[in-house]
Amino acid sequence: MDIGIDFGITNTDLVIENNGTSTFHTFASKDTIDTRLLDIIFSKLNLTDLEIENIAVTGGKSSNLPESYNSIPITKVNEVFAIGSGAKAIYNIQEDSYVVVSTGTGTACVSYINGAVSYTHLTLP
């Protein structure tokens, strides 16, 4: 089982990938992002450490988390990359160029142009 968590300003969004099936969950965000928060989230979802193989995190202060949680590796993913590649995977985008708009408390516009290897956060000058 793999888990991805986006620590947003208002919501903490989580996806669980298990045997080819994805389930999505949303929790109210907390001010402090640490392993105690992971304990709370995983407890609410009745997940045990034995089930979890990988944890990927992005957003908020996710970079403050340690490199592992109960011996499970934590991979820290750049938020712009997570938005761009996540949209490509979820919506099966085949085009060589596209723009993704992630709206919430904050709004991020991310571009992927001509099959580029990276994503760009579009902002005003």
Notebook entry, point to check: Classify the stretch 7-81: rounded, prolate or oblate, from the alpha-carbon gyration tensor (a ≥ b ≥ c, eigenvalue square roots; a/c under 1.5 rounded; otherwise prolate if a/b is larger than b/c)?
Noted result: rounded
Check: Label-point separation (nm) for ASP31 and ASN70, each offset 7 Å from Cα along Cα-to-Cβ?
Finding: 2.7 nm
Checklist line | Residues of type lysines that LYS88 reaches as a straight line, Cα spacing below 23 Å, ignoring anything fewer than 8 places off in the same chain | finding: LYS76
Checklist line | Accessible surface of the stretch 1-102, 1.4 Å probe, proportion on carbon and sulfur as whole % | finding: 50 percent
Check: Amide H neighbours of ALA56 under 5 Å, counting only residues 5+ apart in sequence or on other chains, H built in-plane at 1.01 Å?
Finding: ILE3, GLY4, ILE5, THR75
Notebook entry, point to check: Angle between the Cα long axis of helix 79-90 and the longest principal axis of the chain, 0 to 90 degrees, nearest 10?
Noted result: 90 degrees
Checklist line | Dipole moment magnitude, nearest 20 debye, the chain about Cα centre, only Lys, Arg, Asp, Glu C-beta charged | finding: 280 debye
Notebook entry, point to check: From the phi of every residue in the stretch 22-34, what ³J(HN,Hα) in whole Hz does the Karplus formula 6.51 cos²θ - 1.76 cosθ + 1.60 yield, where θ is phi - 60° and glycine or proline is x?
Noted result: 10, 10, 10, 9, 10, 10, 5, 6, 10, 5, 10, 10, 8
Checklist line | Nearby lysines by direct alpha-carbon distance to LYS44 (threshold 20 angstrom, same-chain neighbours under 8 apart not counted) | finding: LYS30
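The values are calculated or read from the model by the stated rules, or taken from the named source; none is laboratory data. Just so we're clear, the structure is a prediction, and the values are computed from it rather than from any experiment. Neighbour counts are summed over all protein chains in view; Cβ atoms, including those assigned to glycine, are modelled from backbone coordinates with ideal geometry. Ligands, DNA and RNA are stripped out before the accessible areas are found, and what is left, the full protein with its side chains, is counted by its heavy atoms. Shrake-Rupley method; radii C 1.70, N 1.55, O 1.52, S 1.80 Å.
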